[in-house]
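The values are calculated or read from the model by the stated rules, or taken from the named source; none is laboratory data. These numbers come from a predicted model, not from an experiment. Neighbour counts run over all protein chains shown; Cβ positions are idealised from the backbone, glycine included.
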Amino acid sequence: MIKTLSKTALSVAAVLSMSTGVAMAADSAMSSIINNAGEEIGTINIKQGPEGVLMNVDIKGLPAGAHGFHIHSVGDCSDHDHFKMAKGHISDDDDKHGLLNPEGPEAGDLPNLIVPENGEVAIELYAHDLEITASEADDADDEEVLLDADGSAFMIHADPDDHMTQPIGGAGARIACGVIKAN
Ligand SMILES: [Cu+2]
């Protein structure tokens, strides 16, 4: 019991000192995921870590199978038939698409979402080098910042991402989208 208490005290102290050090940066964000009918099918909660972001995915009603999963560069899912307003992946200019691509990956590349027969996905995943908001040392338009001037959006595709083929790993149509918003 004593050990547990001291651990808790330490982590509270760590969080306090971290929030003092990055006072300008948001430490969490969330996204409401909608399908091609514009219906909400789940949420993704995001927490900022020191070197990247932790994402908690909780979505129901997806087709079973593997689906390409990315962060796209514009926070706009209003055209729910096709979700083209969200544009392409967040990326530095020189990076190619694909977690397995020697010239990649793009900052918005994520592992496939593997959906079981019941259509429900509840997972946690981590992406290195992403920031919810720009830290003071960064350019405000840094493409690895989620809440930059035009925002960003999660995108789920119809087909698997092969993590190599340009520009989206052959992942096909866009079947679900969620604008990332500050909490
Ligand atoms: Cu995509």
| Where residues in segment 134-154 are in a loop (DSSP other than H, G, I, E, B) and among the hydrophobic types (A, V, I, L, M, F, W, C), which of them is modelled with the lowest pLDDT? | ALA140
| task | Kindly indicate whether ILE41 is more than 16 Å from the ligand (Cβ to nearest atom), over 15 Å from LEU146 (Cβ atoms) and modelled with pLDDT of 95 or more. | result | yes
| field | segment 101-123, residues that are within 11 Å of the chain's Cα centre (by Cα) and either outside any loop (DSSP other than H, G, I, E, B) or hydroxyl-bearing (Ser, Thr, Tyr) (or both) | value | ASP109
| task | Taking ALA122 as the residue in question, decide whether it is surrounded by fewer than 18 Cβ atoms within 10 Å (Cβ to Cβ), small (Gly, Ala, Ser) and under 25 Å from LYS47 (Cβ atoms). | result | yes
